[in-house]
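Undergrad: I am attaching a structure below and will ask some questions about it afterwards.
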Amino acid sequence: MKLVAIAALSLPLVSCASVHFERDSETSGTFTSTGLSVTILSYDIPKGALNIARENASDARQPNMVVEETSVVPDWGRLDWLLDIVSIRYAKISGTWGFQPDA
């Protein structure tokens, strides 16, 4: 019963994502994309937070996107299997896009 209550309370949080672009020049810049997912008994709803963040960034279709940094919170290392029971995970990716102008 507690699991059903947790799932019902976490449904409004499912599949939250955002993307932000900063322009450094006319043809290049940086980006940050985030994703949030709920895990219940090893099922990521709707999918893994890192996948949500990556897909959100790629949907923007900016040319030459390069992911330079990724992070997933919480990250318990070897104890991550505990998070597969019930958890909320947040992922953030950042990097560059476009082509640097010739100097």
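Undergrad: Pairs under 6 Å by beta carbon, first residue open to solvent by less than 30 Å² (accessible area, probe 1.4 Å) in segment 30-43, partner of a type in the set (Phe, Trp, Tyr), six or more apart or different chains?
TA: Taking only residues 6 or more apart or on different chains, the pairs are Phe31/Phe21; Phe31/Trp97.
Undergrad: Hey, can you tell me all the residues within segment 77-103 that are closer than 23 Å to Ser33 by Cβ, under 18 Å from the mean Cα position of the chain (by Cα) and not aliphatic (A, V, I, L, M)?
TA: Within segment 77-103, Asp80, Ser87, Arg89, Tyr90, Lys92, Ser94, Gly95, Thr96, Trp97 meet the criteria.
Undergrad: A further question on this structure: Would you point out the residue of segment 40-57, among those that are polar (S, T, N, Q) and modelled with pLDDT of 90 or more, that is farthest from Glu22 (Cα to Cα)?
TA: Filtering first and then ranking leaves Asn51.
Undergrad: Are any residues in segment 76-103 open to solvent by less than 60 Å² (accessible area, probe 1.4 Å) and more than 26 Å from Ser58 (Cα to Cα), and if so, which ones?
TA: Of everything in segment 76-103, those that are open to solvent by less than 60 Å² (accessible area, probe 1.4 Å) and more than 26 Å from Ser58 (Cα to Cα) turn out to be Gly77, Asp80, Leu83, Asp84, Val86.
The values are calculated or read from the model by the stated rules, or taken from the named source; none is laboratory data. Everything numeric in this text was worked out from a predicted model, so none of it was measured. Note that we place each Cβ from the backbone using ideal geometry, even for glycine, and neighbour counts take in every protein chain shown. The area values use the complete protein model at the heavy-atom level, side chains included, leaving out ligands, DNA and RNA. Shrake-Rupley method; radii C 1.70, N 1.55, O 1.52, S 1.80 Å.
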